[in-house]
Amino acid sequence: MNAIQMILVVIVAFLAGMEGILDQWEFHQPLVACTLIGLVTGNLVLGVILGGYLQMIALGWANIGAAVAPDAALASVASAIILVQSGQGTKGIGMATGIAMPLAVAGLFLTMIVRTISTGIVHIMDADAKRGDWRKINMWQWLDVCLQGLRIAIPAALLLAIPASQVRYWLGLMPAWLSDGMSIGGAMVVAVGYAMVINMMASREVWPFFAIGFALAAIKDLTLIALGAIGLALALMYLSLESKGGNGGSSNSDNDGTGDPLGDIIDDY
Amino acid sequence: MADKKIKLTKADRFKVMWHSQFLQASWNYERMQNGGYAYSLIPALRKLYPKKEDMAAALQRHLVFFNVHPYLVSPILGVTLALEEDKANGAKVEDEAIQGVKVGMMGPLAGVGDPVFWYTVRPIVGALGASMAIQGNVLGPILFFVIWNVIRLAFMWYTQEFGYKAGSAITNDMSGGLLQKVTRGASMMGMFVLGSLIERWVNIKFTPIVSKTPVQKGGYIDWGSLPAGAKGIQQALIDQANGLSLTKFKVTTLQNNLDSLIPGLAGLLLTFLCMWLLKKKVSPILIIIAIFIVGVVLHVLHVL
């Protein structure tokens, strides 16, 4: 990796760090972050593939209130750097996803540190507000988001400082059973993200949708777009039938009142 | 109200929307998005309150606790803009009224944002992009990035405009059934997609061999009697395409048996186990690490 590439990697890391908190452009999502690192280091396809695998794992990770989700930004940036430095190509992807997980945890602690510093910063903002000094508030806001950027950029720079030969040596020490096992673990870890999402959304009303989705997915001819269209159509049909068939008051809660005319007839017996 | 002296133009409102992308930049444990909310409004406040003490009052007014989904802030900003505009034009708008609208919209809207954006749109668009990316297709990440940001920016702009035009009247709609319907619809579609994602992407392959039965003569490719050279390869490929077995034995692994019963069953059970553990307040990080360890151990034992 030459100097320009290293600088570009650090810039990508900075963007990912900012987005990790802002959650707008999604530069911190593995699919985007790994691809960009692949692009600037000349390993575009490798980055894309790693991004795809990590994205599958990270689908359910979201910044919500008090719930702590693993940090996708550090995981994707650092594991992409390690994969590129290792020179293992696509063979190393299982290893890289395995390494990404502890990094996702480490990233959490870094976020906590920055969020604590931010608490101090808003007190400075209070003082600026009292003076009506909007320029200072703008400045602190930018400074704060830069801290979030550095949260990922600094670890990325440190990783780059380790020579590739050293990374290769360390990874060479890893026996095949361990890296193969980690790939297998990586394929299973996906379930955790899904479980988090389901726990948030599930109610008695929506489980049948889950069952239909699971059953239909076994038909491999259906693409994801087709599945999405079926899901959307089912939800729309359900809601419109409910407003037509429900005898009033059926839409106010998640569990009772299905708006099912047949059910109403059976209830009447 | 034709006599409004100061009016926020479309450009002003666009600047506010652009600023609101930094809503979470100063996310903190004390008042969460307060700095971001004040920051988002600054382009409008500068125009509305040229006097320094008015500006100071407005900034302080918006540095109080605030927390909502980062995209669902847009309708709230829209309403706030409408109220602040009235206030700057001399209408009697109490601070409490502005505060009340903000707090009143915060709760219900935060509840909509998470299931719609984080649990439905992002998993769907993400899985779509990722499934292409895994095959090395660069279109995967590009599609994800473009689709996501088009949806996001359009949503933020139009809901902010909607809030601005509706003004404080929007709070009446909030309790109505529409929002709830959107949330429920998103949960239904989300669950459907999750069901299919689990079937497709939670990969567990049990390798133990259950049975090894000899294939009848004529049911497998007889490698010894193939013609030599390229012709032989051609014949072998034709035979294989006709459904002949490559070896004399038909090997059935545990996975083949499971697949004929319910494909994806193991992944489904693992997901349920994770849900149960999460409900028992086991940290997701711990579960992830445990799954990696189990994966390595079972691989060494030749189960996976």
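For the stretch A:114-135, the tally of residues that are assigned to a helix (DSSP H, G or I) and either without any contact (Cβ under 8 Å) to a residue 12 or more places away in the chain or facing chain B (nearest Cβ under 7 Å) (or both) stands at 15.
In the stretch A:167-175 there is no residue matching the filter, namely being within 10 Å of chain B (Cβ to nearest Cβ), at pLDDT below 90 and open to solvent by 60 Å² or more (accessible area, probe 1.4 Å).
For the stretch B:149-157, check the following and say yes or no: at least one residue is open to solvent by 70 Å² or more (accessible area, probe 1.4 Å) and out of contact with any strand residue (DSSP E or B) (no Cβ under 8 Å at 6 or more places or on another chain). Scanning the stretch B:149-157 turns up at least one residue that is open to solvent by 70 Å² or more (accessible area, probe 1.4 Å) and out of contact with any strand residue (DSSP E or B) (no Cβ under 8 Å at 6 or more places or on another chain). Among residues of the stretch B:33-53 being in contact (Cβ under 8 Å) with a residue 24 or more places away in the chain and either outside any helix (DSSP H, G or I) or open to solvent by 10 Å² or more (accessible area, probe 1.4 Å) (or both), the one that is farthest from residue B:5 (Cα to Cα) is B:33.
Residue count for the stretch A:1-36 under the criterion of being more than 8 Å from chain B (Cβ to nearest Cβ) and not in a helix (DSSP H, G or I): the result is 4. Pick out the one residue from A:234, A:241 that is more than 10 Å from every other protein chain (Cβ to nearest Cβ), hydrophobic (A, V, I, L, M, F, W, C) and either within 23 Å of residue B:190 (Cα to Cα) or touching a Cys at 6+ places or on another chain (Cβ under 8 Å) (or both). Within the list A:234, A:241, the selection yields A:241. Does residue A:51 satisfy the condition of being in a helix (DSSP H, G or I), at the interface with chain B (Cβ under 9 Å from one of its Cβ atoms) and either among the aromatic types (Phe, Trp, Tyr) or closer than 29 Å to residue A:169 by Cα (or both)? In short, yes.
Yes/no matrix, rows are residues, columns are (1) assigned to a helix (DSSP H, G or I); (2) within 11 Å of another protein chain (Cβ to nearest Cβ); (3) in contact with a helix residue (DSSP H, G or I) (Cβ under 7 Å, 6 or more places away or on another chain):
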site: B:117; (1), (2), (3): yes, yes, no
site: B:123; (1), (2), (3): yes, yes, yes
site: B:147; (1), (2), (3): yes, yes, yes
site: B:150; (1), (2), (3): yes, no, no
site: B:153; (1), (2), (3): yes, yes, no
site: B:157; (1), (2), (3): yes, no, yes
site: B:164; (1), (2), (3): yes, no, yes
site: B:167; (1), (2), (3): yes, no, yes
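Scanning the stretch B:275-304 for residues that are closer than 30 Å to residue B:214 by Cα, within 8 Å of chain A (Cβ to nearest Cβ) and surrounded by fewer than 17 Cβ atoms within 10 Å (Cβ to Cβ) yields a total of 1.
With respect to the stated conditions, residue B:112 is assigned to a helix (DSSP H, G or I) and either over 22 Å from residue A:142 (Cβ atoms) or within 8 Å of chain A (Cβ to nearest Cβ) (or both). Residues considered: A:182, A:188. Of these, the only one that is buried (at least 18 other Cβ atoms within 10 Å of the Cβ), facing chain B (nearest Cβ under 7 Å), among the aliphatic types (A, V, I, L, M) and in contact (Cβ under 8 Å) with a residue 24 or more places away in the chain is A:182. Checking each residue in the stretch A:202-242 for being within 17 Å of residue B:271 (Cβ to Cβ), small (Gly, Ala, Ser) and buried (at least 16 other Cβ atoms within 10 Å of the Cβ) picks out A:202, A:213, A:217. So, residue B:272, is that one within 25 Å of residue A:214 (Cα to Cα), outside any helix (DSSP H, G or I) and within 14 Å of another protein chain (Cβ to nearest Cβ) or not? Spelling it out, it is not the case that residue B:272 is within 25 Å of residue A:214 (Cα to Cα), outside any helix (DSSP H, G or I) and within 14 Å of another protein chain (Cβ to nearest Cβ).
Scanning the stretch A:208-221 for residues that are within 7 Å of another protein chain (Cβ to nearest Cβ) and either part of a helix (DSSP H, G or I) or not aliphatic (A, V, I, L, M) (or both) yields A:209, A:210, A:211, A:212, A:213, A:214, A:216, A:217. The lone criterion from (1) of a type in the set (Val, Ile, Thr); (2) open to solvent by less than 50 Å² (accessible area, probe 1.4 Å); (3) more than 22 Å from residue A:52 (Cα to Cα) left unmet by residue A:197 is number (3).
So which residues in the stretch A:74-88 are assigned to a helix (DSSP H, G or I) and not small (Gly, Ala, Ser), if there are any at all? Within the stretch A:74-88, A:74, A:77, A:81, A:82, A:83, A:84, A:85 qualify.
Scanning the stretch B:18-32 for residues that are surrounded by 17 or more Cβ atoms within 10 Å (Cβ to Cβ) and not charged (D, E, K, R) turns up B:19, B:20, B:21, B:22, B:23, B:24, B:25, B:26, B:27, B:28, B:32.
Pairs linking a residue in the stretch B:116-142 that is closer than 19 Å to residue B:72 by Cα to a residue that is surrounded by 24 or more Cβ atoms within 10 Å (Cβ to Cβ) and modelled with pLDDT under 90, with Cβ atoms under 6 Å and 6 or more positions apart or on different chains, are B:119/A:197; B:119/B:190; B:120/B:189; B:120/B:190; B:123/A:59. As for the stretch A:70-88, it holds no residue that is within 18 Å of residue B:132 (Cα to Cα), modelled with pLDDT under 95, surrounded by 21 or more Cβ atoms within 10 Å (Cβ to Cβ) and within 9 Å of chain B (Cβ to nearest Cβ).
Restricted to helices (runs of 4 or more DSSP H) entirely inside the stretch B:174-266, those with at least 2 residues that are surrounded by fewer than 17 Cβ atoms within 10 Å (Cβ to Cβ) and at the interface with chain A (Cβ under 9 Å from one of its Cβ atoms) are B:177-201.
Exactly one residue out of B:140, B:104 is open to solvent by less than 50 Å² (accessible area, probe 1.4 Å) and modelled with pLDDT under 90: that is B:104. Here is a check on your reading of the model: is residue B:15 open to solvent by 40 Å² or more (accessible area, probe 1.4 Å) and under 28 Å from residue A:148 (Cβ atoms)? The answer is yes for residue B:15.
The values are calculated or read from the model by the stated rules, or taken from the named source; none is laboratory data. Note that the structure is predicted; figures quoted are calculated from it, not measured. Here the Cβ is made from the backbone with ideal geometry for all residues, glycine too, and neighbour counts use every protein chain on show. Keep in mind that these areas ignore ligands, DNA and RNA; they rest on the heavy atoms of the full protein, side chains included. Shrake-Rupley method; radii C 1.70, N 1.55, O 1.52, S 1.80 Å.
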